[in-house]
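Undergrad: Quick one: structure below, then a few questions.
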Amino acid sequence: MPLRILKGCKIVRHFRQLASGSFGGAGERELVIAACLYLKCPRGVGNRGGPRSFGMSNKPKNAISPTREEDYPEWYQQVIKAADLAEVSPVRGCMVIKPWGYSIWENMQQVLDRMFKATGHENAYFPLFIPLSFLQKEADHVEGFAKECAVVTHHRLEPGPDGKLVPAGELDEPLIVRPTSETIIGSMFARWVESYRDLPILINQWANVVRWELRTRLFLRTAEFLWQEGHTAHATEVEAREETRRMLEVYADFAENWLAVPVIQGEKTAAERFPGAVVTYAIEAMMQDRKALQAGTSHFLGQNFSQAQNIKFQDAQGGESFAWTTSWGVSTRLVGALVMAHSDDDGLIVPPRLAPRQMVILPIYRGPDDRASVLPYCESLKKDLEQIDFAGGKIRVQIDDRDIRGGEKNWQHIKRGVPLRLEVGPKDLAKDSIFVGRRDTGEKSSVPRAELLATAVQRLDEIQRHLFDRALQLRESHSRRVDSLDELQAWFAPRNEDKPEIHGGFAYCHFIDDPLVNDWLRERKLTVRCIPLSGEEEPGACLLTGRPSSKRCIVAKAY
RNA sequence: CGGGGUGUAGCUCAGCCUGGCUAGAGCGCUUGGUUUGGGACCAAGAAGUCGCAGGUUCAAAUCCUGUCACCCCGACCA
């Protein structure tokens with residue numbers, strides 16, 4: 001036994017070889033142990049076990065390690081793990097979204113779906129597989145997506161010579177797994193449209209798509225992801241442009257009022273434009289590490305796709321015209337945005353309006369007697385809370401009566417980001433009060449039951465607003481106008497190159513939309529995120545080329 | 001796809017360089033006990049064909065070859 005403990009020591013290994021090789025007796029083994037103990041081999045005893053064996057007595061201050069300051073990307077992964085949102089799957093680049101994470105997505109879907117329908121759209125469903133030839137019809141589109149397409153070439157498996165299944169039955173024409181559905185939907189639009197009276201067509205699809213990404217991160221970039229893609233066709237350019245902007249507006253509304261993430265609506269530069277689009281708009285949000293995250297896009301496709309796919313109609317004058325199309329989408333990436341915008345060093349914080357459960361009731365009792373009185377009280381409290389309207393539904397409440405320690409249970413809900421925790425024990429029962437813990441601020445207080453019921457909505461709204469305000473303040477305090485390249489570089493240069501700290505933010509600069517600019521920025525790991533739609537016209541000169549620019553764009557590091 | 005790294009228990013890893021004893025630790029899990037308004041303690045226990053396939057050897061987690069997967073850094077991206 002002592003030998004095993006000391007196995008890590010080089011000296012032990014050396015002696016062990018002697019003991020087992022030339023000599024190989026029990027007596028020699030004891031000698032080895034004695035020798036090692038005498039030498040106080042540094043790795044012998046102290047360095048065993050995982051990292052947690054250090055400082056066993058003092059409990060960690062925060063639930064998540066490392067903290068945001070220490071290592072933001074790692075913190076992000078740990079939050080997702082601690083909150084039980086998702087995990088990596090056995091399939092390369094694909095994640096499993098777990099119930100808590102999926103429930104957030106379902107809530108997003110529900111709200112967005114309502115918004116789409118309110119703006120006249122209908123849901124439909126198109127095939128997962130797209131004939132290769134379809135993709136090929138629009139040149140820019142091909143170029144943009146070809147590299148990341150999954151391709152299906154066979155339709156059957158057969159036992160091979162070694163008994164293992166091998167693909168058989170090669171397809172005449174390979175199918176690609178949709179990276180996006182412009183082509184397949186466009187081909188259907190072409191059949192559906194004959195007259196201007198058939199327009200507009202306003203379709204949305206909830207689906208999964210596949211983009212064979214090389215580097216993946218949970219929710220932010222995975223090979224397969226869930227999203228919604230809107231596709232519309234219009235008789236006039238004006239109408240299509242309006243649609244593009246309208247849906248961008250819907251996204252911004254959703255992001256700010258439901259995700260509680262402030263966003264900037266802007267137009268993308270040529271380099272960031274959707275392959276095949278005439279104009280791409282996006283909503284851009286700042287995460288807590290001050291990097292930008294594109295949270296939704298809306299594209300004006302002009303007649304590029306309708307010409308490629310022959311979406312033609314007869315107009316009122318009897319002439320033949322190509323339709324004007326748009327597409328727009330948001331994805332499960334929004335869950336990533338939610339995590340990175342709001343969470344803290346104790347785990348996830350979910351905005352109340354999207355929370356799978358807004359409140360959790362934690363019964364506290366010692367013995368069966370307490371339980372007999374506490375549980376019914378909790379049940380009735382739950383029932384009363386569930387009568388209350390909030391965010392287009394009723395307040396969602398759970399009683400967590402699992403048989404695990406109270407402290408541990410409490411922390412689980414903190415890590416999952418439940419907005420309000422309601423602790424009910426014998427003492428609270430006696431006072432007819434509930435001990436309320438608020439996730440975003442950490443505040444705790446005892447609140448009379450009647451008051452809690454009366455202020456429940458207000459409390460949730462308050463958290464929702466606070467999260468938005470906090471995110472907005474972060475963005476404002478890390479945004480600035482920048483008027484020289486030196487200043488720009490200085491702002492985005494980490495002080496510690498080896499372990500870059502959180503730095504930079506949004507720089508509002510004059511740049512022209514030109515490959516020269518992109519290259520210069522790229523070398524510094526920067527990109528033009530967008531040209532804000534709300535930005536004022538302001539004559540200036542491109543910081544790099546000196547050519548005239550009429551509007552500032554946002555330069556930032558991005559996901 | 002280029003450069004680097006790692007695959008050993010559910011998780012984090014030690015052991016490998018220099019082959020040989022029943023393959024270990026911490027956390028988690030199960031059971032029992034003590035606890036209980038804050039991430040408990042003590043004891044016992046379950047759990048691993050050492051990524052996979054070959055090869056070398058009396059003997060392979062350890063050496064060799066191949067392969068797969070994952071991680072980090074680049075190029076690409078919602």
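Undergrad: When you look at A:Glu138, is it acidic (Asp, Glu), under 30 Å from A:Gln317 (Cβ atoms) and exposed (fewer than 13 other Cβ atoms within 10 Å of the Cβ), yes or no?
TA: Numbers: acidic (Asp, Glu): yes; under 30 Å from A:Gln317 (Cβ atoms): yes; exposed (fewer than 13 other Cβ atoms within 10 Å of the Cβ): no.
It is false that A:Glu138 is acidic (Asp, Glu), under 30 Å from A:Gln317 (Cβ atoms) and exposed (fewer than 13 other Cβ atoms within 10 Å of the Cβ).
Undergrad: Looking at segment A:271-287, which of its residues are within 11 Å of RNA strand B (Cβ to nearest atom) and of a type in the set (A, V, I, L, M, F, W, C)? Show your work before the answer.
TA: Start the filter on segment A:271-287 by keeping residues that are within 11 Å of RNA strand B (Cβ to nearest atom), which leaves A:271-277, A:280, A:282-285.
Across segment A:271-287, the qualifying residues are A:Ala271, A:Phe274, A:Ala277, A:Ala282, A:Ile283, A:Ala285.
Undergrad: Now, a different point. Which one is surrounded by the most Cβ atoms within 10 Å (Cβ to Cβ), of the residues in segment A:383-408 that are among the β-branched types (Val, Ile, Thr) and in a strand (DSSP E or B)?
TA: Here is the first cut: in segment A:383-408, the ones among the β-branched types (Val, Ile, Thr) are A:388, A:395, A:397, A:399, A:404.
When the remaining residues are screened for being in a strand (DSSP E or B), the result is A:397, A:399.
Working: A:Val397: 21, A:Ile399: 17.
My answer is A:Val397.
Undergrad: Now for a separate question. I need the full set of residues from segment A:439-460 which are assigned to a helix (DSSP H, G or I) and open to solvent by less than 70 Å² (accessible area, probe 1.4 Å), in order please. Before you say what the answer is, go through the steps one by one.
TA: Within segment A:439-460, the first condition is being assigned to a helix (DSSP H, G or I), and the residues that meet it are A:449-460.
Within segment A:439-460, A:Arg449, A:Leu452, A:Leu453, A:Thr455, A:Ala456, A:Val457, A:Arg459, A:Leu460 meet the criteria.
Undergrad: Follow-up. Take the conditions within 28 Å of A:Val339 (Cβ to Cβ), at pLDDT 95 or above, of a type in the set (Asp, Glu) and loosely packed, with under 13 Cβ neighbours inside 10 Å and apply them to A:Asp469. Does it pass?
TA: On the way: within 28 Å of A:Val339 (Cβ to Cβ): yes; at pLDDT 95 or above: yes; of a type in the set (Asp, Glu): yes; loosely packed, with under 13 Cβ neighbours inside 10 Å: yes.
For A:Asp469, the condition - within 28 Å of A:Val339 (Cβ to Cβ), at pLDDT 95 or above, of a type in the set (Asp, Glu) and loosely packed, with under 13 Cβ neighbours inside 10 Å - is met.
Yes/no per residue for (1) under 30 Å from A:Tyr72 (Cβ atoms); (2) part of a strand (DSSP E or B); (3) not assigned by TED's automatic domain parsing to the domain that holds A:Ala260:
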site: A:Ala295; (1), (2), (3): yes, yes, no
site: A:Ser298; (1), (2), (3): yes, yes, no
site: A:Gln307; (1), (2), (3): no, no, no
site: A:Gln317; (1), (2), (3): no, no, no
site: A:Thr325; (1), (2), (3): no, yes, no
site: A:Trp328; (1), (2), (3): yes, yes, no
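Undergrad: Among all residue pairs at least 6 apart or on different chains, which show Cβ distances below 8 Å where the first residue, located in segment A:253-265, is in a helix (DSSP H, G or I) and the second is aromatic (Phe, Trp, Tyr) and at pLDDT below 95?
TA: Taking only residues 6 or more apart or on different chains, not a single pair turns up.
Undergrad: Here's a follow-up. State all residues of segment A:297-341 that are within 11 Å of RNA strand B (Cβ to nearest atom) and within 23 Å of A:Ala83 (Cβ to Cβ); if no residue qualifies, say none.
TA: A:Val330, A:Ser331, A:Thr332, A:Arg333, A:Leu334, A:Val335, A:Gly336, A:Ala337
Undergrad: Can you name the condition, by its number, that A:His121 falls short on among (1) touching a Leu at 6+ places or on another chain (Cβ under 9 Å); (2) loosely packed, with under 14 Cβ neighbours inside 10 Å?
TA: Condition not satisfied by A:His121: (2).
Undergrad: Would you be able to say whether some residue in segment A:343-364 is within 16 Å of RNA strand B (Cβ to nearest atom) and surrounded by fewer than 19 Cβ atoms within 10 Å (Cβ to Cβ)? Explain how you work it out, then say what you get.
TA: Step one: filter segment A:343-364 for residues within 16 Å of RNA strand B (Cβ to nearest atom), giving A:343-349, A:359-364.
Still in the list and also surrounded by fewer than 19 Cβ atoms within 10 Å (Cβ to Cβ): A:345.
The answer is yes, given that some residue of segment A:343-364 is within 16 Å of RNA strand B (Cβ to nearest atom) and surrounded by fewer than 19 Cβ atoms within 10 Å (Cβ to Cβ).
Undergrad: Would you be able to say whether some residue in segment A:372-382 is open to solvent by less than 30 Å² (accessible area, probe 1.4 Å), at pLDDT 95 or above and touching a Leu at 6+ places or on another chain (Cβ under 8 Å)?
TA: Yes: one or more hits.
Undergrad: While we're on this one: Taking A:Ile531 and the conditions (1) within 14 Å of RNA strand B (Cβ to nearest atom); (2) in a strand (DSSP E or B); (3) open to solvent by 40 Å² or more (accessible area, probe 1.4 Å), which numbered condition does it fall short on, given that it satisfies the others?
TA: (1)
Undergrad: Check A:Glu538 against each of (1) touching a Lys or Arg at 6+ places or on another chain (Cβ under 8 Å); (2) part of a strand (DSSP E or B) and name the one condition it does not meet.
TA: That leaves (2) as the condition not met.
Undergrad: If you don't mind, another one. Among the residues of segment A:423-450, how many are under 36 Å from the mean Cα position of the chain (by Cα) and more than 13 Å from RNA strand B (Cβ to nearest atom)? Talk me through it step by step, then tell me what you get.
TA: Filtering segment A:423-450 down to residues under 36 Å from the mean Cα position of the chain (by Cα) leaves A:423-424, A:434-447.
Next, from what is left, pick out any that are more than 13 Å from RNA strand B (Cβ to nearest atom): A:439-441.
Residues that pass the stated criteria total 3.
Undergrad: Kindly provide the set of residues from segment A:233-251 that are open to solvent by less than 10 Å² (accessible area, probe 1.4 Å) and under 28 Å from A:Tyr102 (Cβ atoms), ordered by number.
TA: Restricting attention to segment A:233-251, the residues satisfying the condition of being open to solvent by less than 10 Å² (accessible area, probe 1.4 Å) are A:233-234, A:240, A:243-244, A:247-248, A:251.
Passing the criteria: A:Met247, A:Leu248, A:Tyr251.
Undergrad: Follow-up. Which strands (runs of 3 or more DSSP E) does segment A:139-235 wholly contain that include 3 or more residues that are within 16 Å of RNA strand B (Cβ to nearest atom) and of a type in the set (Val, Ile, Thr)? It would help to see each step written out before you state the result.
TA: On the way: elements: A:151-159, A:165-177, A:201-210, A:224-234.
Hits in segment A:139-235: A:165-177.
Undergrad: If A:Gly169 passes every condition in (1) within 22 Å of A:Val151 (Cα to Cα); (2) open to solvent by 50 Å² or more (accessible area, probe 1.4 Å) but one, which one does it miss?
TA: Condition (2) is where A:Gly169 drops out.
The values are calculated or read from the model by the stated rules, or taken from the named source; none is laboratory data. Source: prediction; values computed, not measured. FYI the Cβ positions are ideal-geometry reconstructions off the backbone, even for glycines, and counts take in every protein chain you see. The area values use the complete protein model at the heavy-atom level, side chains included, leaving out ligands, DNA and RNA. Shrake-Rupley method; radii C 1.70, N 1.55, O 1.52, S 1.80 Å.
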